[in-house]
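Right, one structure below, let's go through it.
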Amino acid sequence: MPLEAVLAAVPELHDAASVEPLAGGLTNVNYKVVSPHGTFVVRISGKDTGLLAIDRENEAHNTRCAADTGVGAPFVAWVPEHDALVLAFLDGRVMSPETLRRDDRLPAVARACRRLHAGARFLHDFDMFEIQRGYVGVVQERGFRLPDRYYEFEPQVRALEEAMRVRREPTVPCNNDLLAENFIDCGGELRLIDYEYSGNNEPSFELGNVWSESNLTLDQLERLVAEYYGAPLVNKVARCRAWGLMSKYGWTLWGSIQDGISDLDFDFWGWAMEKYERAVAEFDGPGFELLLDDVRRDD
């Protein structure tokens with residue numbers, strides 16, 4: 001078994017006193033391992049995750065960089081022959097969308113993001129427009145199912161991409177997958193885990209992804225932008241919203257691919273449709289053209 005091989009390959013895991021599965025993880029399986037050397041997390045990749053645009057070498061490199069900033073979990077080992085990462089266990093409270101929607105957590109969210117973004121550059125870049133185009137190719141090639149009207153929104157997506165290219169932000173090392181459960185509260189400060197989709201990207205993508213994944217209100221997004229940038233700049237708020245919309249549209253196909261390949265007992269199609277329906281509401285809504293205008297403006 002891969003787990004037994006990893007336990008044997010990593011000295012810190014030798015003579016483990018206990019090994020137990022950890023809940024969570026939609027592209028991997030996770031274990032908590034207690035040994036005489038400490039408490040660790042072993043992450044073993046699921047099958048065919050290359051179809052999801054996950055690069056395990058990139059993940060390992062960036063996980064180490066995040067650990068160096070102090071915002072990621074301490075890095076222990078990468079075992080590439082078993083697609084496994086070993087990290088120190090973070091003893092803290094896993095966040096939920098409900099806890100992140102509390103206004104008192106927004107300053108800590110912004111601090112954690114700034115801390116990560118100030119670190120060493122990651123191995124590769126991340127572009128949600130390119131990711132989405134790659135997913136389209138996989139879905140078409142494999143014959144995976146698509147939601148109704150998915151391709152109808154391609155003109156709006158291309159208009160969004162054109163608007164986003166007008167005033168690009170300098171890129172920084174980003175996690176790019178900040179669902180609430182990837183925040184761990186350790187003594188009041190938030191740590192960031194799971195660097196499968198990490199890469200150099202615009203800070204506004206990171207904030208927009210937080211907004212989208214935890215269903216923050218627009219007022220909360222404005223406060224998050226103010227905490228991060230120092231003021232609730234209209235074009236930054238719009239940029240975060242646009243990236244959040246593009247994330248929902250792109251991750252919909254992630255769910256379609258997982259629905260077709262994953263062995264995990266999880267409703268990937270339902271997960272995808274929840275994101276897609278929120279994206280459709282924004283594409284069809286009366287404010288889409290105004291959003292494009294705000295993205296282009298110079299505050």
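For the reader, a short list of remarks on this structure follows.
- Cα gyration tensor shape of segment 148-222, rounded if a/c is under 1.5, else prolate or oblate by comparing a/b with b/c: prolate
- Max mean-square fluctuation residue, GNM over the chain, Cα-Cα springs under 10 Å, options 170, 80, 97: 170
- Hz values of 3J(HN,Hα) by residue in segment 69-77 - Karplus curve (6.51, -1.76, 1.60), Gly and Pro given as x: 6, x, 8, x, 5, x, 7, 10, 6
- Whichever aspartates and glutamates have a C-alpha closer than 15 Å to that of residue 275, once near sequence neighbours (fewer than 8 apart) are set aside: 148, 177, 213, 259, 267, 284
- If you plug the beta carbon distance of residue 290 and residue 81 into 1/(1 + (r/R0)^6) with R0 = 51 Å, you get a FRET efficiency near 0.50.
- Note on 256, 214: ascending count of other Cβ atoms within 10 Å places them as 214, 256, the fewest first.
- Ranked 298, 83, criterion: other C-beta atoms within 10 Å, fewest first: 298, 83
- Modelled label reach - residue 22, point 7 Å along Cα→Cβ, segment 263-278 residues with backbone N closer than 20 Å: 264-266
- Shown is the FRET efficiency for residue 299 and residue 98, computed with R0 = 30 Å from the Cβ-Cβ distance and rounded to the nearest 0.05: 0.40.
- Shown in residue order for segment 78-90 are the 3J(HN,Hα) couplings computed by the Karplus curve 6.51 cos²θ - 1.76 cosθ + 1.60 at θ = phi - 60°: 10, 10, x, 5, 10, 6, 10, 10, 10, 10, 5, 6, 8 Hz (x for Gly and Pro).
- The phi-based Karplus calculation (6.51 cos²θ - 1.76 cosθ + 1.60; θ = phi - 60°) puts the 3J(HN,Hα) values of segment 193-208 at 10, 6, 10, 4, 10, 5, x, 5, 7, 6, x, 5, 5, 4, 5, x Hz, whole numbers, x for Gly and Pro.
- A simple charge model with +1 on the Cβ of Lys and Arg, -1 on the Cβ of Asp and Glu and nothing else charged puts the dipole of segment 94-296 at about 660 debye relative to its Cα centre.
- Max mean-square fluctuation residue, GNM over the chain, Cα-Cα springs under 10 Å, options 220, 140, 132: 140
- In terms of surrounding Cβ atoms within a 10 Å radius of their Cβ, 275, 236, 32 rank from fewest to most as 32, 275, 236.
- Among 186, 240, 113, residue whose mean-square fluctuation peaks in a GNM of the chain (springs only between Cα atoms under 10 Å): 186
Only the coordinates and a few stated rules stand behind these numbers; no lab work does. These numbers were taken from a predicted model, which means no experiment stands behind them. Cβ coordinates were reconstructed from backbone atoms using ideal geometry, including for glycine residues, and neighbour counts include every protein chain displayed.
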